[in-house]
Each structure stands twice: as structure tokens, then as C-alpha cells.
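Engineer: First, the structure itself, so that you have it in front of you.
Nothing in this text is a laboratory measurement; each read-out follows from the coordinates by a stated rule. This structure is a prediction, so every number in the text was calculated from the model and none was measured. Methodologically, a virtual Cβ is constructed for each residue, glycine included, from the backbone with ideal geometry; neighbour enumeration extends over all protein chains shown.
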Amino acid sequence: MGHLVAVLLDGLIYASWLFIIAVGLTLIYGVMKILNIAHGSLYALGAYSAASLGGYWLNHGYPPMGSYAVMLAAAIVVGLIAGPVIERGLLRFMYGKDEIVLVLVTYAVFLILEDFVKLVWGVDPYFIAQPYGLLGSFDIADLTYPNYNLLLFCAAVFLGVSLAWVLARTRQGKMLAAVIHDREMSAAMGINVGRVYFITFTVGAMLGALGGALTAPMISVQPGIGAETIVLAFAVVVIGGLGSLPGAALAALLVGLVRSAAVHYRPELDLFSIYLVMAVVLIIRPKGLFSVQEARKI
Amino acid sequence: MNKNWKSLTVTMLTALLSGISIGCDAQDKPIRIGLVTFLSGPAAGPFGVPAKLAAEAIVDSLNAGKAPAPYAAKGFGGTPLELVVIDEAGGATKQVAELRNLVERQDVDFVIGYIGSGDCLAVAPVAEELKKITVLFDCGTPRVFEDASYKYVFRTRPHATMDAVAGAMYLLENRPGMKSYGGINQNYAYGQDSWADFTAVMATLKPEAVITTSQMPKFGAGQYGPEISSLLQSNSDVIHSSLWGGDLEAFMLQAAPRNLFARSQLILVAGEPYLHRLPGSIPDGTIIGARGASGVYAQKSPLNDWLRQIYKERADIYPNYPAYSVAQAFLGLKTAYEKAKALGTTGTDDIIKVFEYETFESPSGKVMMKLGKGHQAVAGTAYGTTRTVNGQITVGNIKYYPVERVQPPEGIKSIDWIKAGMKPGKW
């Protein structure tokens with residue numbers, strides 16, 4: 001029984017983290033049809049900014065609880081700067097080109113940002129461990145979990161629900177859905193597609209940076225973390241169906257639970273488990289769990 | 001006649017000046033050494049960058065002739081050294097290409113490098129094909145020379161078997177009543193070897209001890225929640241780990257708030273480089289290894305004082321064990337080069353001949369090239385236990401283990417030697 005509780009709880013926590021790192025990627029693909037490899041770098045920038053600014057905050061003796069707000073602010077600032085710079089400065093010139101070209105462009109941005117990170121922060125790791133233990137912990141099934149894990153879970157639920165609500169219930173969300181469905185027709189109907197793309201990419205960048213900021217207290221922030229993350233985020237997005245928000249949520253949950261079960265019951269399958277899920281799903285549904293049937297344009 | 005004299009004089013002067021010029025070039029042409037170490041990625045901070053800083057400090061000091069005896073000659077035998085530094089990040093395939101570049105385009109005379117065991121296994125056959133002396137300075141897997149034989153490849157640092165052997169000995173000397181143990185190691189060559197060696201040593205020294213769980217997260221996993229839960233639920237008396245780099249740091253940051261170390265004794269066989277990097281996350285009582293009497297375990301000697309001083313001047317902190325590893329590589333190669341030069345030649349084959357079975361002094365003590373047909377170093381090692389003194393983490397209860405107790409003799413694989421009871425060899 002204790003094992004089962006641990007499997008479920010660990011799976012849920014890992015799934016929350018996966019969803020947080022993947023949601024920005026799937027949002028950008030869903031709207032813009034861009035597989036944004038630079039998402040990994042935005043994650044890294046968020047982690048570095050949170051570690052630097054949060055570390056500054058804590059080292060200067062300000063109230064430790066304020067470090068969460070500082071980390072959040074760091075992610076928002078990264079998104080507000082990097083998102084518009086990448087979208088206005090580069091991507092908007094590429095719209096309409098083949099998806100592969102856009103993948104290569106974002107991969108180039110990823111490489112540039114990886115070096116930018118080294119240039120600004122160097123290669124030594126940054127630590128901001130305090131926020132991880134600051135909220136205390138809870139005991140369940142003879143195990144101790146930091147409450148920070150609950151924060152991750154709440155953040156994932158909040159992001160998922162609020163994005164779903166915006167997409168389904170607001171005017172902007174409906175305009176977004178129209179752009180997703182048919183870019184040319186939306187433009188003909190008076191929707192400023194460029195503006196929708198700009199806002200979507202900025203929000204996606206912010207979500208990527210937020211993933212990094214929320215992860216920073218649990219890891220040593222150092223060069224290379226973006227590359228590891230983009231692979232996982234990509235796996236989740238592919239399993240869920242490229243561009244599908246509920247798909248990403250379900251995929252994160254599936255991967256989280258399968259990996260957790262593997263670690264607890266068959267640790268030797270840990271490495272393989274994520275890709276096993278991916279392979280099985282893609283065999284059954286080649287376009288992912290929540291793939292959308294696309295109308296063929298004549 | 002006058003014209004002829006003029007012509008002859010000009011010719012002689014030209015020849016003389018050319019000769020002088022050629023002589024100067026030959027004299028001043030530095031020995032180019034390709035240094036391959038992690039400059040980015042998770043291994044850069046604790047391993048790659050300290051190794052690079054140490055290499056630069058060592059090269060400057062050797063070129064200035066400021067190293068203590070027996071290394072007082074400038075550079076290598078009077079010829080200055082020049083470093084060509086390459087980033088080890090990017091995986092084994094990239095490193096194979098980088099090695100070819102170093103040899104064929106950068107025209108280096110020697111290569112010193114490689115921290116990752118996977119990289120060492122990949123580049124060794126290529127170094128052999130390129131016929132370039134390549135000194136592996138830090139990687140741990142014993143497979144390099146136990147599964148193959150090389151002419152041009154040397155490793156001046158002992159392989160990782162001693163981590164497991166001395167670690168288990170130290171553990172049982174200090175926790176004789178332990179009954180169970182689990183492990184968390186990276187799922188690649190070094191992590192798997194380390195766990196296999198440790199379990200084999202424990203099966204020999206304490207066969208009644210029970211293995212509770214073996215966690216093998218992928219290299220660079222970053223998230224260890226389920227693994228920590230599994231280790232907690234295993235209620236192991238001891239947890240063995242060869243995690244290193246960012247993986248170790250992330251694991252410690254995530255495990256400490258979950259009270260894992262209050263439940264289990266932790267042994268970090270490659271933990272020494274992290275002592276000052278993880279404030280508050282390495283609990284007192286953690287058993288720490290450094291694969292050799294390196295870093296905090298290095299004993300006082302003129303060579304150790306020299307390395308500590310030149311490294312401190314460059315990095316503003318004292319060197320950790322990767323810095324000692326790279327020092328062993330430079331000093332081992334310098335010894336071989338100068339001995340070959342003293343015999344009248346510095347051809348590759350001649351250097352190899354004196355490098356094989358060479359013995360040389362290092363900041364960590366005496367190093368003997370006794371395994372792998374004279375290509376693999378052996379040395380003693382040390383273990384200790386962390387304790388906090390005046391707010392600073394340090395190690396105490398240090399015990400040194402001589403080479404014959406922790407390394408197999410020539411001609412037997414490590415795992416077979418362990419299973420056969422680890423009979424001390426003659427050195």
C-alpha cells in the first residue's frame with residue numbers, strides 16, 4: 001500500500017513538473033505551428049534568472065518568502081524580453097515557410113542562447129536551494145515530501161485550467177482558435193494575426209522561463225539544463241498530440257506515473273519507460289493522444 | 001674577384017642567418033598539448049573547469065621553471081608547453097571527431113584529456129589509430145585497459161575499482177553492524193561499473209548484507225523524486241552513490257529536505273569535489289572518496305604545496321581532486337619525455353618505451369604505471385567522513401589505504417580479483 005501511494009504521489013509530482021515545462025511548447029506549436037527548440041533555452045534563462053535574482057534577494061537578508069515572488073518576476077521578465085526579441089526580430093520573417101525551416105531557425109536560436117547563457121553566467125553552477133525547503137514538508141506513507149512539490153502541482157493545475165479557460169471562454173481565446181484553424185481566413189475576417197502570434201510566443205516564452213524558475217530550487221543551475229529539458233518536453237508534447245493542451249496534460253500524467261512505477265518496481269526500466277510510453281502511443285495513434293483531424297485544403 | 005667575394009659573403013651571411021633562424025625556431029617551437037576537459041555542461045563546474053585551471057597553472061609554472069624537484073626543468077626538457085583546450089561536452093561521437101581535429105588539424109604533440117568514462121572508451125581506439133600519445137587523466141572505468149590493450153594510450157590516474165574496494169573497507173570498519181545497502185548510480189559505464197564493483201566487494205567482505213534497491217537514473221536526469229522515495233522505503237542502513245556533476249548536486253538538494261540521510265548512512269565515492277559546493281546539503285557523517293590521496297586527502301609535500309599554491313593564485317580556492325588528476329597527467333608525461341630526451345631522442349616510440357612501467361612523484365604521492373602492460377597507473381587512496389567545523393565542511397577520521405589493498409595486480413580483471421577475495425598483489 002505504501003509503495004502504491006508513493007508511486008502515485010511521485011508520479012503526480014513528476015507529471016506536474018513535466019506539464020509545466022511542456023505547456024509553453026505545446027501552446028506555441030498549437031497556435032503558430034512552430035516546434036520551438038529554443039524553448040529549452042528559455043527554460044534555462046528562467047532558471048538562471050530565478051537563481052540569480054532569488055539568490056540576490058536571499059543573500060541580502062530580505063524576507064525569504066519574498067523569494068517566490070522574485071523568482072516568478074524573473075520568469076516574467078525573461079519572457080517579456082526574450083519572447084518579443086525572438087518573435088519580432090527573427091520568427092516573423094519566417095512565417096509561411098516550411099515547418100522544418102522553422103525548426104532549424106529555433107534550433108539556431110537555441111544554440112545562440114546556450115552560448116549567451118555561458119557568456120553571462122559562466123559555466124559554474126548556481127544554487128538557490130532555500131525555497132525548496134522553505135514551505136516545510138508533509139509526511140505520508142512513511143515518506144517525507146517538501147511542500148514545494150505541492151506548489152508545483154498547484155502551479156501545473158493553475159496553468160492548465162487558466163489556459164483552457166482563456167482558450168474556451170474569452171474573446172481572445174476564440175480569436176486564437178480561429179487563427180489555429182485557418183490563418184488566412186482569420187486575417188480576412190479582421191483578426192490581427194501578427195499580434196496573436198506575438199502575444200502567443202511571448203506567453204509561451206514566459207511559460208518556458210517559468211518552468212525553469214520553478215525547477216531552479218531543486219537542481220544546480222548550469223549550462224546544458226535546457227538541452228535535457230527540451231527532449232523531455234518534446235516527448236510529452238508528441239505523446240499528447242502536437243499543440244494539444246489536454247493532450248500535454250494527459251501525456252505528462254501518463255509518463256509521470258509510468259516512470260514512477262518503473263523506478264519503484266523495476267528500476268532498470270527507468271531509462272526506457274518514457275520512450276516506451278511514446279512508442280506505444282505513437283503505434284496506436286501516430287499523431288498523439290489528442291491529435292486533431294485536419295481538413296485538407298483544396 | 002671583388003664581386004665574387006661580395007657574393008660569397010652575402011651567401012654565407014644568408015646561410016648563417018637562415019641557420020640561426022632555423023635554430024631559433026627549433027628551440028622556441030613549443031610542445032603543443034591538446035587538453036580535453038568539460039568546459040560546459042553538468043561536469044564543467046566541479047570537474048572540467050578545475051582541471052582546466054590546474055592545467056593552465058601547471059603549464060605556466062613549468063614554463064617558468066618554478067616547479068619543485070624533480071620537475072624543475074622548464075617546460076618538457078627545456079621546451080615550453082602550449083595548451084590547445086577543447087570542450088569535452090557533446091558526447092563520445094563528438095569527442096572522436098574532436099580528437100581527429102586536434103591531431104590532424106591542430107597538430108598537437110600530445111593529448112591529455114577526458115573525464116567521462118564513455119569518452120575514454122570511445123577515443124582510446126582512435127588515439128591508437130592516429131598513433132598519438134594520449135593520456136587519460138580522470139575517467140574511472142577499469143574497462144579501458146582490462147578489455148583492450150593500447151600502445152599510445154596511457155592513464156595516469158588509478159581506475160575506479162579502488163573507490164569501491166576502499167569505500168567498502170572504510171564503511172565496514174566504521175559501521176560494522178550495517179545489514180543492508182542500496183545504491184543510486186548513473187546509468188552509463190562508470191555508474192554501472194561502480195555499483196557492480198561495490199556489490200561484489202560487499203559480497204566478499206560482508207556476504208550477509210542485503211541489497212535493498214539499485215537505482216540507475218539516466219545521466220543528467222535532474223529529477224530524483226521517485227528514486228528518493230524508493231531509497232527511503234528501502235530503509236537501507238547504507239546508500240552507495242557514484243553520482244557526480246550536476247546529478248549529484250541535484251540529488252543532494254532534493255534528498256536532504258526529505259530526510260533521506262537521517263535514515264541511511266551515505267557514501268559518495270566521488271564526493272570530494274562537492275565539499276565546498278553544496279553548503280548545508282552534505283550532512284555530517286557522509287563518507288567521501290577522492291580516488292586517491294587527492295584534494296582534501298593530499299598529504300603535505302613540496303609538490304602538493306606547489307600545486308595548492310599555483311592553483312590558489314589562479315582560482316582563489318584550493319584544488320579539488322580533478323586538479324590533482326590533471327597534475328598527475330602532466331607530471332607523468334613530463335617524466336617520460338625528459339627520460340626519453342636524456343636517452344637521446346624524443347620520438348613517440350621512445351617516449352612510450354620509458355612511459356611504460358614508469359614511476360613518478362605527484363602532489364598525491366607516488367604513482368606507478370603498473371597495470372595495462374604499463375599504461376594504467378596505480379596508487380593508494382583515502383577515505384574520510386564529513387564534519388562541520390566552525391561552519392565549514394571538512395573531513396575527519398581519514399584513513400589511507402595502500403595500493404596493494406585496493407587495486408588488483410596485473411593480469412586479472414578487477415571484478416575477478418574482487419570475487420576471488422581481493423588478495424593483495426606484489427608491487
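Engineer: Which of the aspartates and glutamates could a cross-linker bridge to B:Lys300, judged by Cα under 12 Å and excluding same-chain residues fewer than eight apart?
Structural biologist: none
Engineer: When the helix-only estimate is applied to chain B (DSSP H runs of n ≥ 4, each -39,500 (n - 2.57), divided by the residue count), what is the mean residue ellipticity at 222 nm, nearest 500 deg cm²/dmol? Please list the in-between numbers first.
Structural biologist: Values: 15 runs with 183 residues, N = 427.
Helix-only estimate at 222 nm: -13500 deg cm²/dmol.
Engineer: May I pose another question? On average, how much area does the Cα convex hull of the range B:151-265 cover when viewed from any direction, in nm²? Can you show the working numbers first?
Structural biologist: Details: hull surface 32.0 nm².
With every direction weighted equally, the projected area is 8.0 nm².
Engineer: Kindly rank A:93-100, B:247-254 from highest to lowest mean number of other beta carbons found within 10 Å of each residue. Don't skip to the answer; put the middle values down first.
Structural biologist: Numbers: A:93-100: 10.9, B:247-254: 25.5.
Most protected by this proxy first, the peptides run B:247-254, A:93-100.
Engineer: May I ask for log10 I(q)/I(0) of the range B:43-95 at q = 0.24 Å⁻¹, from a Debye sum over the Cα atoms as equal point scatterers with solvent left out?
Structural biologist: Debye output, listed in q order: -0.87.
Engineer: So how do B:94-100, A:258-264, A:247-253 stack up, highest first, on mean other-Cβ count within 10 Å? Mind showing how you got there, number by number?
Structural biologist: Numbers: B:94-100: 18.6, A:258-264: 23.9, A:247-253: 26.9.
Peptide ranking by packing, descending: A:247-253, A:258-264, B:94-100.
Engineer: Still on this structure: Within the range B:334-368, name every residue whose backbone N is under 11 Å away from a label modeled 7 Å from Cα of B:Glu410 along the Cβ vector.
Structural biologist: Residues B:356-358 fall inside that zone.
Engineer: Okay, moving on. Whole-Hz Karplus ³J(HN,Hα) for the range A:131-141, in order, using 6.51 cos²θ - 1.76 cosθ + 1.60 and θ = phi - 60°, x for Gly and Pro?
Structural biologist: Computed from phi, the couplings for the range A:131-141 are x, 5, x, 5, 8, x, 8, 10, 10, 8, 6 Hz.
Engineer: Need the list of lysines near A:Lys33 for cross-linking: C-alpha distance under 28 angstrom, and skip anything on the same chain fewer than eight residues off.
Structural biologist: Cα-Cα hits under 28 Å: A:Lys97, A:Lys174, A:Lys287, A:Lys297.
Engineer: With every atom except the alpha carbons ignored, what do you get for Rg and Dmax of chain B, in angstroms?
Structural biologist: 23.7, 103
Engineer: Whole angstrom only: what separates the Cα centroid of the range A:1-80 from the Cα centroid of the range B:409-427?
Structural biologist: 49
Engineer: May I pose another question? Can you grab the distance from the C-alpha centre of the range B:326-402 to the C-alpha centre of the range A:134-175, Å, no decimals?
Structural biologist: 53
Engineer: What distance in nm separates the simple spin-label points at B:Asp305 and B:Asp147, each placed 7 Å from Cα in the Cβ direction?
Structural biologist: Rounded to a tenth, the inter-label distance reads 4.5 nm.
Engineer: If packing is taken as the average number of other Cβ atoms within 10 Å across a peptide's residues, how do B:415-422, A:67-74, A:35-42 rank, most packed first?
Structural biologist: Working: B:415-422: 16.0, A:67-74: 20.0, A:35-42: 28.6.
Highest-to-lowest ranking by the protection proxy: A:35-42, A:67-74, B:415-422.
Engineer: For the range A:212-227, what does the Karplus curve 6.51 cos²θ - 1.76 cosθ + 1.60, with θ = phi - 60°, yield as ³J(HN,Hα) per residue in whole Hz, taken in order and with x for Gly and Pro?
Structural biologist: Residue by residue, the range A:212-227 yields x, 5, 6, 7, 3, x, 9, 9, 8, 7, 8, x, x, 5, x, 5 Hz.
Engineer: Averaged over peptide B:253-260, how many Cβ atoms belonging to another chain are found within 10 Å of each residue's Cβ?
Structural biologist: The mean count of partner-chain Cβ atoms within 10 Å per residue comes to 6.
Engineer: Fully extended, how many nm does the chain gain between B:Asn174 and B:Lys312 (0.36 nm per residue separation, minus their Cα-Cα distance)? It would help to have the intermediate numbers written out before the result.
Structural biologist: Working: separation 138, 0.36 × 138 = 49.68 nm, distance 3.34 nm.
So the extension gain works out to 46.3 nm.
Engineer: Next question, about the same structure. Using +1 at the C-beta of Lys and Arg and -1 at the C-beta of Asp and Glu, which of B:Leu136, B:Ser236, B:Gln328 has the Cα lying farthest in the positive direction of the dipole of chain B?
Structural biologist: Selected residue: B:Gln328.
Engineer: Continuing with this model, one more query. Would you pull out the residues with amide H under 5 Å of B:Ser362's amide H, same chain only if 5 or more places away, H placed 1.01 Å from N?
Structural biologist: When sequence neighbours closer than 5 places are left aside, the close amide H contacts are B:Val367.
Engineer: Per residue of B:209-220, count partner chain C-beta atoms within 10 Å of its C-beta, then hand back the mean as an integer. Walk me through the numbers before you get to the answer.
Structural biologist: Details: counts 0, 0, 0, 0, 3, 2, 5, 6, 5, 5, 2, 6.
For this peptide, the per-residue mean of nearby foreign Cβ atoms is 3.
Engineer: Take chain B, connect every pair of alpha-carbon atoms lying under 10 Å apart with a spring to form a Gaussian network, then pick out the residue of B:Gly45, B:Gly332, B:Gly140 with the largest mean-square fluctuation.
Structural biologist: B:Gly45
Engineer: Mind listing P(r) for the range B:88-232? All alpha-carbon pairs, 10 Å bins, whole percents.
Structural biologist: Answer for the range B:88-232: a P(r) of 11, 34, 28, 18, 8, 1 percent.
Engineer: Label 7 Å along Cα→Cβ of A:Val77; the range A:21-65 residues with amide nitrogen under 20 Å?
Structural biologist: Counting backbone N atoms under 20 Å from the label point, the list is A:41-65.
Engineer: Hey, another quick one. What pairs in B:Lys132/B:Lys341; B:Lys131/B:Lys353; B:Lys131/B:Lys151; B:Lys131/B:Lys370; B:Lys131/B:Lys373; B:Lys52/B:Lys413 have C-alpha atoms more than 20 Å from each other?
Structural biologist: In this structure, B:Lys131/B:Lys370; B:Lys52/B:Lys413 lie more than 20 Å apart at Cα.
Engineer: Express the C-alpha Rg of the range A:1-143 as a ratio against the empirical globular expectation 2.2 N^0.38 Å, rounded to two decimals. Intermediate values should be presented prior to the final figure.
Structural biologist: Working: Rg = 18.5 Å, N = 143, 2.2 N^0.38 = 14.5 Å.
With N residues counted in the range A:1-143, Rg over 2.2 N^0.38 Å equals 1.28.
Engineer: Sticking to Cα atoms, compute the Rg of the range B:80-162 to one decimal and its Dmax as the biggest Cα-Cα distance, whole number, in Å.
Structural biologist: Every Cα atom of the range B:80-162 included, Rg and Dmax give 12.0, 38 Å.
Engineer: Using the alpha carbons of the protein assembly as shown, what is the convex hull volume per residue in cubic angstrom, as a whole number?
Structural biologist: Hull volume over Cα atoms, normalised by residue count, gives 211 Å³.
Engineer: Which of A:Gln130, A:Gln222, A:Gln172 moves most in a GNM of chain A, Cα contacts under 10 Å?
Structural biologist: Result for chain A, Cα springs under 10 Å: A:Gln172 fluctuates most.
Engineer: For an R0 of 45 angstrom, estimate the FRET efficiency from the Cβ-Cβ distance between A:Leu150 and B:Glu208 and round to the nearest 0.05. Can you show the working numbers first?
Structural biologist: Details: r = 41 Å, r/R0 = 0.91.
It comes out at approximately 0.65.
Engineer: Using a simple charge model, +1 on the beta-carbon of Lys and Arg, -1 on the beta-carbon of Asp and Glu, nothing else, what dipole does chain B show about its Cα centre, in debye to the nearest 20? Show your work: numbers first, answer last.
Structural biologist: On the way: 42 positive and 40 negative charges, 119 e Å.
I would put it at about 580 debye.
Engineer: If you project the alpha carbons of the range A:24-224 onto their three principal axes, what span does each projection cover, largest first, in Å?
Structural biologist: That works out to 57, 39, 31 Å along the principal axes.
Engineer: Scan around B:Leu243 for amide H atoms under 5 Å from its own, H built in the peptide plane at 1.01 Å from N, and keep only partners 5 or more places away or cross-chain.
Structural biologist: B:Gln186
Engineer: Shielding of A:212-223 by partners, i.e. mean partner chain Cβ atoms within 10 Å per residue?
Structural biologist: Across the residues of A:212-223, the mean count of other-chain Cβ atoms within 10 Å is 5.
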